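These notes are about the structure you will find just below.
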Amino acid sequence: MSIKVSTRQVDGVTILDLSGRITLGEGSVTLRDTIRDLVAKGDKNILLNLGDVSYIDSSGIGELVSAYTSVKNAGGELKLLNLTKKVQDLLQITKLYTVFDVRDDETHAVGSFSR
Amino acid sequence: MPNTPTTRTTITLPSTLDTVDRVEQEAESFANRAGFSEDDISNIAMAVREAAVNAVIHGNSYSRDKEVTASFETNDDDLVIRISDQGPGFNEESIPDPLSPENILRGSGRGVFLMRAFMDEVHFRQLSPGTELTLIKHRIPAQDAA
């Protein structure tokens with residue numbers, strides 16, 4: 001199973017509800033294309049809801065980092081929401097937990113974006 | 001988990017992304033049969049997936065003329081998985097540290113790091129041509145064996 005992405009807008013923040021696996025190939029490409037399209041149309045406040053992401057490999061981690069960088073370079077912010085324990089552990093051992101702004105409450109996460 | 005008969009399986013596959021999934025699934029199945037915990041099974045499968053990705057992409061460059069060989073062995077002490085490619089070779093010393101500040105935001109380069117994080121031993125061996133990665137997970141934790 002690869003990744004599924006649903007997009008919604010809440011108070012000026014684009015929330016991507018992701019489910020499935022973010023791995024080398026289709027999963028990583030889907031995430032990359034989605035972020036690229038959002039940045040291209042000027043969406044700069046992006047919240048990735050990873051609550052239903054069961055698995056991320058090193059390519060998926062790289063894709064999250066690339067997404068973070070491309071949104072930041074466009075003058076926006078990308079934050080993470082609802083990490084599973086597995087994904088949280090992965091971000092901790094790769095020291096990326098301190099790079100990303102990680103949230104576990106959607107309302108507070110939406111309110112935390114600077115607008 | 002003592003006195004387990006040694007079991008081995010070897011598969012040779014093309015250099016495709018399907019191979020990565022197949023090798024990962026085989027590792028998961030072997031780790032499950034060897035009695036590892038759910039967390040360990042997941043970590044072993046991820047480490048092996050990363051090794052297979054290396055073989056398919058960095059080793060064989062998706063070449064139709066090159067194959068990936070994966071062998072899985074369970075003995076009394078260890079789960080041993082070997083993944084080999086037919087690529088130009090690989091210098092493990094050349095791998096940048098993904099945790100260093102200058103590399104932390106790189107979009108790639110974490111595969112070997114994750115293998116080392118999740119397995120007890122990771123060894124590289126140069127073939128001619130190619131590279132073989134050996135990933136080992138001990139079946140009896142040191143604290144239990146003492």
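Here, each number is a calculation from the coordinates, and none is a lab measurement. This one's a predicted model, so the numbers in the text were calculated from it and none came from an experiment. For neighbour counting, all protein chains shown are included, and Cβ atoms are generated from backbone atoms with ideal geometry for every residue, glycine included.
List of remarks:
- Sequence of A:S66, A:S54, A:S6, B:S128 once ranked by neighbouring C-beta atoms within 10 Å, starting from the fewest: B:S128, A:S6, A:S54, A:S66
- Cα-based shape type of segment B:2-130, given that a ≥ b ≥ c are square roots of the gyration tensor eigenvalues and the cut on a/c is 1.5: oblate
- Per-residue mean of C-beta atoms belonging to partner chains within 10 Å, peptide B:110-120: 3
- The tail of the calculated P(r) for the protein assembly as shown beyond 28 Å holds 38 percent of all Cα-Cα pairs.
- Choice from B:N60, B:N32, B:N103 with maximal GNM fluctuation in chain B (Cα, 10 Å cutoff): B:N103
- In chain A, the C-alpha radius of gyration followed by the widest Cα-Cα span (Dmax) gives 12.7, 36 angstrom.
- Fewest-first ranking of A:S114, B:S84, using other Cβ atoms within 10 Å as the exposure measure: A:S114, B:S84
- Site pair B:D65 and B:I140 shows an inter-label distance of 4.9 nm when each label is modelled 7 Å from Cα along Cα→Cβ.
- Computed over chain A: relative contact order in percent, which uses C-alpha pairs under 8 Å that are six or more apart: 25 percent
- As a rough footprinting exposure proxy, the listed residues B:D40, B:D77 were ranked by other beta carbons within 10 Å of their own, and the order from fewest upward is B:D77, B:D40.
- Neighbourhood charge, 13 Å Cβ-Cβ cut-off, centred on A:R8 and excluding it, Lys, Arg +1 and Asp, Glu -1: -4
- Bridging of B:K66 to aspartates and glutamates at a Cα separation below 12 Å is possible for B:D85, once same-chain residues fewer than 8 apart are set aside.
- Partner shielding of A:64-72 amounts to 2, given as the average count of beta-carbon atoms from other chains within 10 Å of each residue beta-carbon.
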